[in-house]
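Scroll down for the structure; my scribbles are underneath it.
The values are calculated or read from the model by the stated rules, or taken from the named source; none is laboratory data. Bear in mind that the values here come from a model prediction, so they are computed numbers and not experimental data. Methodologically, a virtual Cβ is constructed for each residue, glycine included, from the backbone with ideal geometry; neighbour enumeration extends over all protein chains shown.
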Amino acid sequence: MNVTFRIKRFDPEKDARPHWQEFKIEAGPMDRVLDVLNELKWEQDGSISYRRSCAHGICGSDAMVINGVNRLACKVLVKDLGNEIAVEPLRGLPVLKDLIVDMEPFFDAYKAVLPYFINDDPAPVAERYQSVEDRERFDATTKCILCAACTTSCPVFWTNGRYLGPAAIVNAHRFIFDSRDQGADQRLQTLNQVNGLWRCRTAYNCTEACPRGIPITQAIEEVKRELLWRRN
Ligand code: SF4
Ligand code: F3S
Ligand code: FES
């Protein structure tokens, strides 16, 4: 199929503001948006800049806005989009070049919720046992690949870049509900601050954007309830 492929370009060394560049390309039935970007970069314009690594929906590095929706370029087939495709950088984060955004603010929020296992008890001889039911409690939120599609689809984050955002809350959830972990109070204290989880207005954009199918809004509600329960 013949495709008109538009890329929002921005080179901070040359451009005062972003602009669209249009390419005509022939795509095969199994081509994904990432394949088209690769072909354009390798065959037509080596200066096109974007992140990618695994090409199989695992590393989370190629999240971008595709025809207005946050998606992973390696998981979207061209044939499912039609003959007109437009790709833009994620919204709400500073654009460094073309489709590459500065992920520092995103990872700062992630780090703020202590996204690692905390337990000061002496290490057991074998593993720390956990029942199947207790493991199930946070199974969904273990699946995050830190692609930022959720946080950059959130209207609250667009207007307030200091909002910790859904990805940080998802990763807090993963440990708060882990029966072996002891750091929940610290994480909840951070999430209870002015730019924490009470900023969420239940917009659901994050849940719709997540390429891993994580029920993000539900996870946020669960953390809110846990915080209220612990304070009473
Ligand atoms: Fe990406 Fe989903 Fe993780 Fe958000 S929760 S960073 S959309 S994988
Ligand atoms: Fe934003 Fe998701 Fe809440 S889109 S407002 S974090 S439900
Ligand atoms: Fe790794 Fe798409 S390149 S998720």
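Below are the figures for this structure:
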| read-out | value |
| --- | --- |
| Search result, residues across the range 53-78 that are near ligand 3 (Cβ under 7 Å from one of its atoms) and on the phi < 0 side of the Ramachandran plot | Ser53, Cys54, His56, Ile58, Cys59, Ser61, Asp62, Leu72, Ala73, Cys74, Lys75 |
| Any chance Cys74 is touching a Cys at 6+ places or on another chain (Cβ under 9 Å) and surrounded by 21 or more Cβ atoms within 10 Å (Cβ to Cβ) | yes |
| Count of residues meeting criterion [surrounded by 11 or more Cβ atoms within 10 Å (Cβ to Cβ), at pLDDT 95 or above and either of a type in the set (Lys, Arg) or within 15 Å of ligand 1 (Cβ to nearest atom) (or both)] in the range 213-232 | 11 |
| Ala148 being part of a helix (DSSP H, G or I) and within 16 Å of ligand 2 (Cβ to nearest atom) | no |
| Pairs where the first residue, in the range 57-69, is free of Cβ contacts under 8 Å to residues at least 24 places away in the same chain and closer than 26 Å to Thr4 by Cβ and the second is away from ligand 1 (no atom under 13 Å from the Cβ) and not hydroxyl-bearing (Ser, Thr, Tyr), C-beta under 7 Å, 6+ apart | Asn67/Leu81; Asn67/Ile85; Asn67/Ala86 |
| When residues of the range 151-182 are limited to those that are among the polar types (S, T, N, Q) and near ligand 2 (Cβ under 9 Å from one of its atoms), the one farthest from Pro89 (Cα to Cα) | Thr151 |
| Search result, residues across the range 1-35 that are among the charged types (D, E, K, R), part of a loop (DSSP other than H, G, I, E, B) and under 21 Å from Val101 (Cβ atoms) | Asp11, Glu13, Lys14, Asp15, Arg17 |
| Qualifying residues in the range 129-165 (those that are of a type in the set (Gly, Ala, Ser) and surrounded by fewer than 24 Cβ atoms within 10 Å (Cβ to Cβ)) - the one nearest to ligand 3 (Cβ to nearest atom) | Ala140 |
